2 protein chains.
Amino acid sequence: MEVRARAPGKIILAGEHAVVHGSAAVAAAINLYTTTSLRLHPAGEGGGADSGVVELDLRDSGLTFSWPCSQLRGVLREESGRVGVPTPCSPDQLAAIAKLLEGHEIPEAKIWLSAGLSAFLFLYTSILGCRPGKAVVTSDLPMGAGLGSSAAYNVSMSGALLTATGAVGVGGGDGAEEWELFGKHDLELVNQWAFQGEKIIHGKPSGIDNAVSTFGSMIKFKKGEFTNLKSRNPVKMLITDTRVGRNTKALVAGVSERASRHPEAMASVFHAVNSISEELSSIVELAAEDEIAITSKEDKLSELMEMNQGLLQSMGVSHSSIETVLRTTLKYNLVSKLTGAGGGGCVLTLIPMLLANIVLDKVTTELESHGFRCFKVEVGGQGLQVS
Amino acid sequence: MEVRARAPGKIILAGEHAVVHGSAAVAAAINLYTTTSLRLHPAGEGGGADSGVVELDLRDSGLTFSWPCSQLRGVLREESGRVGVPTPCSPDQLAAIAKLLEGHEIPEAKIWLSAGLSAFLFLYTSILGCRPGKAVVTSDLPMGAGLGSSAAYNVSMSGALLTATGAVGVGGGDGAEEWELFGKHDLELVNQWAFQGEKIIHGKPSGIDNAVSTFGSMIKFKKGEFTNLKSRNPVKMLITDTRVGRNTKALVAGVSERASRHPEAMASVFHAVNSISEELSSIVELAAEDEIAITSKEDKLSELMEMNQGLLQSMGVSHSSIETVLRTTLKYNLVSKLTGAGGGGCVLTLIPMLLANIVLDKVTTELESHGFRCFKVEVGGQGLQVS
């Protein structure tokens, strides 16, 4: 039996950085997915459960890892297997996992790898115990670019594992759709497990990335509270990955320092961002039935994006690569906004419904001539799906 | 007898656009001057007062104009000659001036010319009556670029005319300085006359441009009230004129429309700008005695400029030419901000005291390669001076 689960990446539509200072922010799913294909080996195959192996094939990076099932016992806890109650990875488990990684050669350039393998080993053993099996992971998402690649990894992995164990499942549709959706209750469970994986990778994640990847659409978050938004008329955007690496912690600290140097001005800046996020939240939930309505919705969105970008620049988190994207898209009358931490990373450009493809191609070509990588995406679509 | 009076241009350091919505703004004098050299013909020369001519030589544009004194009588009012009480140009005077212009060929491309000639004829006749004389005007300032060229013209002209008539005068220094300053009372009088000239050119000027050009240094203005700031340690800036023409009225209207579409967010944006202008006002008045203190002052200024620029972008008054300047200077780690209306026009770049000349040369060359025109200026220096 093979289970395939795919989970989307995310963008921050509004409110990054300001959210740290109490403003609302809005995150949205994008149709770039990480897909986990999981095949459990039948008992007995390869010498039975205890003598089988658990394999992880990270297809995009050409790396595969395998562990004899017998070695995985050390990671298990007494309560392991109670998949209905996601539990955090204990220090003992983490130590056992670290031991499992010792024998493997991990390329220095791939610093994310240890964390990703640890999350895999934790989720696999917590949900499936020591059953032999193989997970193949592929992804459309660039890593470390702020598009939620680790959350999509944890969500698709958790979704595949929980489906394989029977803890969650799709209603068994008519088979007309390749990909099927889970019910809300099942999604909650997947989301909680994915969050445990995120904690292994990030330490103290906000939980917003895995929530967006699991539930899809858009989520408004403010002071730790999430509100699911029903996004109508998904918008198209161009995501430009500047490929400039960022130090998110330093950027966040820089904004806080600026806020302490200019408390009054920065409080107003954060307040302006809050208003923008709230306004954007109500706009995305409006249904637009015709071209005129969609165009006017796009105009509002692009104005709010432009305002938010200006405010991010006033926080000091822009970067010359971001300015290059802004300047390039502005030539074509398109509005752009950095997404995520800034200081490089990714930039969003709203693609109006009525924009000619030839213009979009020209912008893309020009952006890519700077060494950037562009993705044309739909924003606010589905979350976790299985097939 | 020849009188030379020179008056500086201005930049807006902080608060443009937001000032229309009640925020504070800060304007500063720059060491780019408009100079008026005035020579009165002795009575009898050229056939006596009534048969002499009044000439205006706009040296930079190669245009000269002259009017027989006898024709100027129509512009005079009963109270003309009471130079101590500046009075606005009456509709009758304006009509008489329009008649005086009829016989002159005014190139179509020079739309500012009629207004400039009108202001000259009004100021000349109001202050000197029909005495024959010649005024030669030269200027370092680009016209229509938001650097206060018309105010500098009116202030230098008023300063020269009032000095010639003896209504104002310098104390008669030791002659060691080429240029001498007026006393406060005299400056007030020049400023009021210059304001009358500004009204002829602009209709409803705020009065800030002529005030900065007259008094120099920096002025904070908020809700129609002016506060003179004592700027210490004048800063150096690079002014880049993008040569992109702007429609100031449309830009101001655009911000107001955005404010009515997004009242809450924009109110916060304007409030943030107000905080920046207030903070900047207190920083420029701080005396910095050593390099470390000056450097830290520059750091604060450039951070406030960056914040203000971001807020201007969130108001939607940037332009691709401005973005090009920002991106170019950012490559050299220099902070820039549009000044004035935006949508093209001029951009300020703070030049840190410790910046190597070779770097400044490189930035300038790169900016000029885009077709921009750069001016290296000192900000916050003297106002009107005579020699």
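Laboratory data are not the source of any read-out in this text; all were calculated from the coordinates shown. All figures in this text were calculated on a predicted structure; none of them were measured in a lab. FYI the Cβ positions are ideal-geometry reconstructions off the backbone, even for glycines, and counts take in every protein chain you see.
Below is a table of values for the structure above.
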| read-out | value |
| --- | --- |
| DSSP bridge pairs, the range B:8-161: antiparallel proportion in percent, nearest 5 | 80 percent |
| Mean Cβ neighbour count within 10 Å, used as a protection proxy, ranking A:213-223, B:351-361 highest first | A:213-223, B:351-361 |
| Across the identical copies, how the A:HIS370 labels are spaced - nm, sorted shortest first, 7 Å along Cα→Cβ | 1.2 |
| Average beta carbon contacts from partner chains per residue of B:260-267, 10 Å cutoff | 5 |
| Total charge dipole magnitude, the range B:279-336, about the Cα centre, Cβ charges on Lys, Arg, Asp, Glu only, Debye to nearest 20 | 400 debye |
| Number of partner chain Cβ atoms within 10 Å, mean per residue of B:314-323 | 5 |
| Per-residue mean of C-beta atoms belonging to partner chains within 10 Å, peptide B:299-309 | 3 |
| Antiparallel bridges, percent of DSSP beta bridges restricted to chain A (to nearest 5) | 90 percent |
| Long-range HN-HN contacts of B:LYS110 with modeled amide H, under 5 Å | none |
| Translational diffusion of chain B, µm² s⁻¹ [Kirkwood Rh, Cα pairs; Stokes-Einstein; 4 °C; 1.567 mPa s] | 60 µm²/s |
| Protection proxy ranking of A:54-60, A:235-241 - average other beta-carbon atoms within 10 Å, highest first | A:235-241, A:54-60 |
| Selected from B:GLY371, B:SER61, B:GLY144, residue furthest toward positive end of dipole (the protein assembly as shown; charges at beta carbon) | B:GLY144 |
| Mean separation of Cα contacts under 8 Å (6+ apart) over length of chain A, as relative contact order % | 26 percent |
| Inter-copy spacing of A:ALA253 label points, which lie 7 Å from Cα along Cα→Cβ, given in nm from shortest upward | 5.0 |
| DSSP bridge orientation in the protein assembly as shown - percent antiparallel, rounded to nearest 5 | 90 percent |
| Debye, to nearest 20: dipole size of chain B, +1 on Lys, Arg Cβ, -1 on Asp, Glu Cβ | 720 debye |
| Charge dipole of chain B about the Cα centre (unit charges at C-beta), most positive-ward option of B:GLY52, B:SER256, B:VAL85 | B:SER256 |
| Directionally averaged shadow of the range B:2-229, computed from the convex hull of its alpha-carbon atoms, nm² | 12.9 nm² |
| Under-24-angstrom lysine pairs by C-alpha in the range A:2-229, whenever the two are 8 or more apart or on separate chains | 25 |
| Cβ crowding within 10 Å averaged over residues, with B:106-113, A:274-281 ranked highest first | A:274-281, B:106-113 |
| Pseudo-label separations to other copies for A:GLU289 - Cα-to-Cβ vector, 7 Å, nm | 7.5 |
| Diffusion coefficient, µm² s⁻¹, Stokes-Einstein with Kirkwood Rh over alpha-carbon pairs of the range A:235-379 at 25 °C and 0.890 mPa s | 153 µm²/s |
| Nearest-20 debye value, the protein assembly as shown charge dipole, Cβ charges on Lys, Arg, Asp, Glu | 260 debye |
| Among A:GLY197, A:PRO234, A:THR214 - extreme Cα towards positive end, dipole of chain A, charges at beta-carbon | A:GLY197 |
| Scattering profile of the protein assembly as shown at q = 0.05, 0.10 Å⁻¹ [log10 I(q)/I(0), Debye over alpha-carbon scatterers] | -0.37, -0.99 |
